[in-house]
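Q: Okay, handing you the structure first.
Read-outs: derived from the displayed coordinates by stated rules, not from any lab. Small disclaimer: the values here were computed from a predicted structure and weren't measured. Counting neighbours? That spans all protein chains shown, and the Cβs are built from the backbone with ideal geometry, glycine included.
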Amino acid sequence: MKERTVEVLEEVRKTQEHQKTAVKRLKFGWIPGCTEGATNRRVHTMTRHVPGIFDIRIRGDQLVQEMRLHALRQASTWLHASLDKLVELVNAQRIVVPQTIERGDEYHENMMEFCHHTKLSAPECFTLNPLYSAGALIHWKILAILSGM
């Protein structure tokens, strides 16, 4: 009995060490296969893995919104999904910590403009976990998840 307890405790210790290592790896980002370390995940994700059209510094005129929509439709084609299905796929990942994007947040205005351009209903505030609006698909954390699929 005592030997079995020692074995179980050793397995628990190994599992805990493995989990710590896994958590450290997450600091490299959410993109599978990316081993490039970064001090700022957002900057790394946006410069290395996501098309530049999603940069929030680019304010959304018609052409910009159309290009964003085209990029998301391309991703949805690769994943055999519609924009609504992309929302479901991201929700199924359960990677992003629950977060609310409210008026005044740097992403909120871009999400609202995207919703208006695509004729989607635009909520007062957006959530990243779970996603309720396809407008939130243009947030960098969501784009990182889509890049990893």
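Q: Please tell me the relative contact order of the range 51-148 in percent, rounded to the nearest whole number, where contacts are Cα pairs under 8 Å and at least six residues apart.
A: 30
Q: What FRET efficiency, computed as 1/(1 + (r/R0)^6) with R0 = 22 Å and r the Cβ-Cβ distance, is obtained for E124 and D84, rounded to the nearest 0.05?
A: With R0 = 22 Å, the Cβ-Cβ based efficiency is 0.60.
Q: So if each residue of separation counts as 0.36 nm, and I subtract the Cα-Cα distance between E10 and N91, what length gain in nm does that give?
A: Full-extension gain reported as 25.6 nm.
Q: A follow-up question, please. Mind checking the dipole of the range 51-148: about its Cα centre, +1 per Lys or Arg Cβ, -1 per Asp or Glu Cβ, Debye to the nearest 20?
A: Charge dipole of the range 51-148: 260 debye, to the nearest 20.
Q: For the range 31-84, what number results from the quotient of the Cα radius of gyration and 2.2 N^0.38 Å?
A: Taking N as the residue count of the range 31-84, the ratio is 1.31.
Q: Right, something else. If one puts a single equal scatterer on every Cα of the range 39-129 and applies the Debye formula without solvent, what log₁₀ I(q)/I(0) results at q = 0.17, 0.19 Å⁻¹?
A: -0.86, -1.12
Q: For the range 86-149, take the alpha-carbon Rg, divide it by the Kirkwood Rh, and send me Rg/Rh.
A: When Rh is taken as the Kirkwood radius, the ratio is 0.93.
Q: Return the distance in nm (one decimal) between the two label points of a simple spin-label model at T39 and I58, each offset 7 Å from Cα along Cα→Cβ.
A: 2.7
Q: Starting from the Cα of H70, step 7 Å along the direction of its Cβ; do the same at Q99; then give the gap between the two resulting points in nm.
A: Between H70 and Q99, the simple spin-label model gives 2.8 nm.
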